[in-house]
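Just below is one structure, and these are the notes that go with it.
The values are calculated or read from the model by the stated rules, or taken from the named source; none is laboratory data. None of the values given here were measured: they were computed from a predicted structure. Note that each Cβ is placed from the backbone with ideal geometry, even for glycine, and that neighbours are counted across all protein chains shown. Note: accessible area is taken over every heavy atom of the protein model, side chains too, but ligands, DNA and RNA are not part of it. Shrake-Rupley method; radii C 1.70, N 1.55, O 1.52, S 1.80 Å.
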Amino acid sequence: KQWYQRRVAITAGEEWYEQDLPSEEQIESVLFPLSLEILGASEDDWRTAAFPDLASKFNFLTACIEQFERDIPSSELTYLVSVEDVIRYYQTPVTRPKYIELRPQSLPLNVKIVMDSIKKPLDQS
């Protein structure tokens, strides 16, 4: 995890984390053993190994998230069907959302962008 660093760019009072992408060798050093252990893939075709069931997919992706310290949004989970797809995902840079570039001064008075989600506890009654 030493190779993975987070840089913080602060603009207009908001924080944005730019993540360094892992190299091909770093991705391989993490995904190769996971493919053999969790998916039971062979050493020759570990990149093309598909997830046999949802439990193995969950275990594999959870280990990837821990190793790379980069979450996978639920909207992407459907598209990750093999190790090759996971490699492609972690090689794709995280782009800065367009709404971050908006300045509060340029927004209409009735529009406010909330960067952090607000979670309210569920009513247990």
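Structural remarks
- Residue ranking by accessible heavy-atom surface, 1.4 Å probe, largest first, among Asp44, Asp53 comes out as Asp44, Asp53.
- Ser42-Glu66 FRET efficiency (beta carbon distance; Förster radius 25 Å; 0.05 resolution): 0.55
- Computed from the C-beta positions of Ser56 and Thr95, the FRET efficiency with R₀ = 22 Å rounds to 0.15.
- Packing rank of 22-28, 75-81, 46-52, where each peptide gets the mean count of other beta carbons within 10 Å, highest leading: 46-52, 22-28, 75-81
- Förster-model FRET efficiency, 41 Å R0, Glu76 and Asn110, C-beta, rounded to 0.05: 0.80
- Under 5 Å, built H, 5+ apart or other chain: amide partners of Arg70: none
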